[in-house]
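Undergrad: Take this structure, written in structure tokens, and hold onto it; I'll ask about it next.
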Amino acid sequence: MNPTEIPQDGELAGNAHDELRDLLARLEATMKAADLWRMETPTPEAFMSVEPFCVDRMDMGQWLRFVFIARLEALCDSRGSFPVKCDVAPAIEAWLKDARPERRVAMTEVVREIDTLITDN
């Protein structure tokens with residue numbers, strides 16, 4: 001979409017970084033609504049993990065809030081290049097497999113949108 005064009009239904013105004021920032025705000029709101037936002041901050045050592053999703057030092061909620069969201073917000077701030085691929089939604093779905101369906105669906109949906117935006121840009 002050209003910056004001077006009016007967005008059509010389903011389109012977001014702005015660029016991919018702005019779209020990502022909006023999706024991250026939605027993810028935060030979704031986590032808060034699902035009572036998944038309030039948690040302990042991981043120790044500094046936990047951030048040194050080399051395991052996927054820091055599974056050896058954080059639970060998935062901590063990784064999502066303090067690593068995934070934080071790093072993507074920093075990427076938006078710097079207008080940096082997106083990773084080649086993002087595929088976090090399956091891990092979120094697995095993490096929430098025993099959660100209420102509406103919670104699992106809402107969380108997975110917004111993370112899937114983030115995955116798609118990053119991978120497609």
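The values are calculated or read from the model by the stated rules, or taken from the named source; none is laboratory data. It should be emphasised that the depicted structure is a prediction, and the values quoted were computed from it without experimental measurement. Cβ atoms come from the backbone with ideal geometry, glycine included; neighbour counts cover every protein chain shown.
Undergrad: Scan the range 18-54 for residues that are within 15 Å of Phe68 (Cα to Cα), part of a helix (DSSP H, G or I) and among the acidic types (Asp, Glu) and report the count.
TA: Going through the range 18-54 one residue at a time, the tally reaches 2.
Undergrad: Please verify whether the range 45-52 includes one or more residues that are surrounded by 16 or more Cβ atoms within 10 Å (Cβ to Cβ), small (Gly, Ala, Ser) and more than 20 Å from Ala106 (Cα to Cα).
TA: yes
Undergrad: Given the options Val111, Val105, name the one that is surrounded by fewer than 18 Cβ atoms within 10 Å (Cβ to Cβ) and either under 21 Å from Asn15 (Cα atoms) or of a type outside the set (Phe, Trp, Tyr) (or both).
TA: Val105
Undergrad: Say whether the condition of being surrounded by fewer than 13 Cβ atoms within 10 Å (Cβ to Cβ) and modelled with pLDDT of 95 or more is met by at least one residue in the range 59-70.
TA: The answer is no; no qualifying residue exists.
Undergrad: Of the numbered conditions (1) touching a residue at least 40 places away in the same chain (Cβ under 8 Å); (2) crowded, with 16+ Cβ neighbours inside 10 Å; (3) in a helix (DSSP H, G or I), Phe82 satisfies every one except a single condition; which is it?
TA: (3)
Undergrad: To continue, here is another question. Return yes when Val88 is within 25 Å of Glu45 (Cα to Cα), aliphatic (A, V, I, L, M) and crowded, with 18+ Cβ neighbours inside 10 Å and no when it is not.
TA: On the way: within 25 Å of Glu45 (Cα to Cα): yes; aliphatic (A, V, I, L, M): yes; crowded, with 18+ Cβ neighbours inside 10 Å: yes.
Yes: the conditions hold for Val88.
Undergrad: Looking for whichever is of a type in the set (D, E, K, R) and either over 22 Å from His17 (Cβ atoms) or over 13 Å from the mean Cα position of the chain (by Cα) (or both) here; the options are Glu73, Glu102. Which one fits? Before the answer, list the steps.
TA: Numbers: Glu73 fails: either over 22 Å from His17 (Cβ atoms) or over 13 Å from the mean Cα position of the chain (by Cα) (or both).
Residue meeting the stated conditions: Glu102.
Undergrad: Now, a different point. Kindly evaluate Ala70 against the criterion of being under 17 Å from Glu28 (Cβ atoms) and either part of a helix (DSSP H, G or I) or among the hydrophobic types (A, V, I, L, M, F, W, C) (or both).
TA: Yes; evaluated as a whole, the condition is true for this residue.
Undergrad: Same structure again: Within the range 41-54, can you find the residues that are within 14 Å of Trp95 (Cα to Cα) and in contact with a Phe, Trp or Tyr (Cβ under 8 Å, 6 or more places away or on another chain)?
TA: Of the range 41-54, the ones within 14 Å of Trp95 (Cα to Cα) are 52-54.
Across the range 41-54, the qualifying residues are Phe53, Cys54.
Undergrad: Can you pull out every residue in the range 96-115 that is farther than 13 Å from Met31 by Cα and part of a helix (DSSP H, G or I)? Show your work before the answer.
TA: Going residue by residue through the range 96-115, those that are farther than 13 Å from Met31 by Cα are 97-98, 100-101, 112-115.
Pro101, Arg112, Glu113, Ile114, Asp115, listed by residue number.
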